[in-house]
1. So G186 clears everything in (1) within 30 Å of P158 (Cβ to Cβ); (2) modelled with pLDDT of 90 or more; (3) open to solvent by 30 Å² or more (accessible area, probe 1.4 Å); (4) small (G, A, S) except one condition, right? Which one?
2. For region 169-177, check the following and say yes or no: at least one residue is open to solvent by less than 50 Å² (accessible area, probe 1.4 Å), of a type in the set (F, W, Y) and over 25 Å from A46 (Cα atoms).
3. Identify, please: which residue in region 223-240 is in contact with a helix residue (DSSP H, G or I) (Cβ under 9 Å, 6 or more places away or on another chain) and either among the small types (G, A, S) or assigned to a strand (DSSP E or B) (or both) and is, among those, modelled with the lowest pLDDT?
4. Here is a list of conditions, (1) in a strand (DSSP E or B); (2) of a type outside the set (D, E); (3) modelled with pLDDT under 85, and V115 meets all of them except one; can you say which number that is?
5. Of the numbered conditions (1) among the charged types (D, E, K, R); (2) in contact (Cβ under 8 Å) with a residue 12 or more places away in the chain; (3) farther than 27 Å from A38 by Cα, K136 satisfies every one except a single condition; which is it?
6. So which of D125, D175, D130, D93 ends up being touching a Gly at 6+ places or on another chain (Cβ under 9 Å) and among the acidic types (D, E)?
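The values are calculated or read from the model by the stated rules, or taken from the named source; none is laboratory data. Bear in mind that the values here come from a model prediction, so they are computed numbers and not experimental data. Using ideal geometry, Cβ is built from the backbone for each residue, glycine included, and neighbour counts are taken over all protein chains shown. Areas reflect the complete protein model, heavy atoms only, side chains present, ligands, DNA and RNA absent. Shrake-Rupley method; radii C 1.70, N 1.55, O 1.52, S 1.80 Å.
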Amino acid sequence: MRRRRLIRYLFVALVLLAGLFVAADVVSLQVAESRAAAQIARTTGAERVQVDLGSFPFLPSLWRGRLDQVTVDGYRLSGGGLRVERLEGRASDVTFDRSKIIALIRSRYADRAKVVGGGAIGRIDITQEDLAEFLKNREPRVRGVRVTRAGVEVEFEPVAGVELPKARFLPVMVDGRLVLNLTGAGEIPRPLQDGARRLERLIDLPPVPPGLRADARLSLGVIQVEASGPRVQMEIGEGGIQ
């Protein structure tokens, strides 16, 4: 009888311990995802960020400093004055120093941590409306902007003898940064050529992380920058770099 009672108590204790572990694991995962999303939102000015660090069990993965997959979705971000409608990122086999990551989970002022991931894929979407607002704020003579599959068409305020002067740009990646490459500069009225040239380097979004190869693509009303690579390395956090 005593032995049965002891076994019963042990069984109940094991169930309770398992329940506590599951609860601690779920809460730890939620806290880590929430802190990561909040940090990204602060540094990018995003209206909303979702971070997925995996599923149960999370604590063993955190302890060994390796996550199978990390996914980030950000909406309405800001970079250099230009609004980005959406950012998507995904990396697998993500490794890190667990002590630094735990410190970042506890406090956003902790030292930055290096994170290395494989099979990384990312994309940002810039809408025609956001690009038009940005260019108009930077260059007063810009009247309208259209994003087509053939390029970005910028319409300027009329000048003497020319009605509806326009310039066409092709979005390209230069040293990991998005720029607008002016095409057919000779067809632009001389009084507007300097302004059109200034538009080429106005975009000041953060560069694509080292290790990723990026391309700019055009669809109707949207510029998409897609990046991918077998390995990506980043430093995360808001503290001082070691």
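1. (2)
2. Yes.
3. If we take residues in region 223-240 being in contact with a helix residue (DSSP H, G or I) (Cβ under 9 Å, 6 or more places away or on another chain) and either among the small types (G, A, S) or assigned to a strand (DSSP E or B) (or both), then G239 is modelled with the lowest pLDDT.
4. Against the list (1) in a strand (DSSP E or B); (2) of a type outside the set (D, E); (3) modelled with pLDDT under 85, V115 comes up short only on (3).
5. (2)
6. Working: D125 fails: touching a Gly at 6+ places or on another chain (Cβ under 9 Å); D175 fails: touching a Gly at 6+ places or on another chain (Cβ under 9 Å); D130 fails: touching a Gly at 6+ places or on another chain (Cβ under 9 Å).
Matching residue, one of D125, D175, D130, D93: D93.
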